[in-house]
Structures are given as C-alpha cells and as structure tokens.
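Inspection log for the structure reproduced underneath, given as structure tokens.
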Amino acid sequence: MYRISQTIMRKYPGSEHISKEQLFALLSDMIGSIVVACLTNLPRVIAMKCHGSTIEEREASVRAAAKILGSTKMIIERLQARELPSLAPDQMACIDEWRAYLKQSIP
C-alpha cells in the first residue's frame with residue numbers, strides 16, 4: 001500500500017489536483033492490477049503444489065492446489081474482463097514490474 005501511495009503522490013504532488021473520485025479510481029485500478037499480478041502466478045503455484053516426493057505428499061498437495069483454485073475461481077471470473085498489460089510472464093510475477101507499468105500508465 002505504501003508503494004501505491006508513493007506512486008500516486010509522485011504523480012499528483014498537490015492533493016488539490018485530484019478529486020476523491022479520481023483517487024478512488026486510481027487506487028481501485030492499482031489494487032486490481034496487483035490482484036491480477038498475483039493470480040498470474042496461480043498456475044506456477046498449483047504446479048509447485050502438485051510436485052511432491054511421495055504419493056501421499058502429492059495427494060495432499062493436489063488437494064491443496066484444488067482448494068486454492070476453488071478459492072480464486074470467482075475472482076478469476078471477475079477479472080477475466082480486465083485487460084492484462086503487455087508484460088512478459090516473468091515480469092508479471094514481479095510486483096516491481098507491475099509498479100513500473102502502473103507508473104507509466106497513470107494519466
């Protein structure tokens with residue numbers, strides 16, 4: 001949250017230049033983008049959860065991965081309408097890359 005605030009404060013150094021509605025829209029967009037960034041890592045997390053050394057561990061890991069997927073299904077459905085930025089998959093996994101992208105895209 002600190003970095004989001006810093007990004008907005010750098011863009012709008014005087015608080016009188018931005019309305020409450022504009023600030024809310026900027027915050028909503030940035031937070032939504034961060035959630036999308038986290039969800040782009042979901043396939044990696046599920047794959048990592050499914051790789052265990054023993055069958056018993058794999059079974060528990062697959063079960064945990066299914067729970068993760070089920071928990072995020074509604075969020076994913078809501079965010080599918082969002083357009084992802086043109087970042088490489090490795091860049092999408094890094095919050096600093098998203099922050100740099102957001103800095104460039106603030107009007």
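The values are calculated or read from the model by the stated rules, or taken from the named source; none is laboratory data. Bear in mind the structure is a predicted one, so any value in this text is a computation, not a measurement. Virtual Cβ from ideal backbone geometry, glycine too; neighbours counted across all protein chains shown.
Scanning the range 19-46 for residues that are aliphatic (A, V, I, L, M) and modelled with pLDDT under 75 gives Val36, Ala37, Leu39, Leu42, Val45, Ile46.
The criterion of being modelled with pLDDT under 75 and assigned to a loop (DSSP other than H, G, I, E, B) does not hold for Glu56. Taken over the range 74-102, residues that are assigned to a loop (DSSP other than H, G, I, E, B) and either among the charged types (D, E, K, R) or at pLDDT 70 or above (or both) amount to 6.
Of all residue pairs spaced 6 or more apart or on separate chains, those with beta-carbon atoms under 8 Å, a first member in the range 95-107 that is surrounded by fewer than 13 Cβ atoms within 10 Å (Cβ to Cβ) and a second member that is at pLDDT below 70 are Ser105/Pro85.
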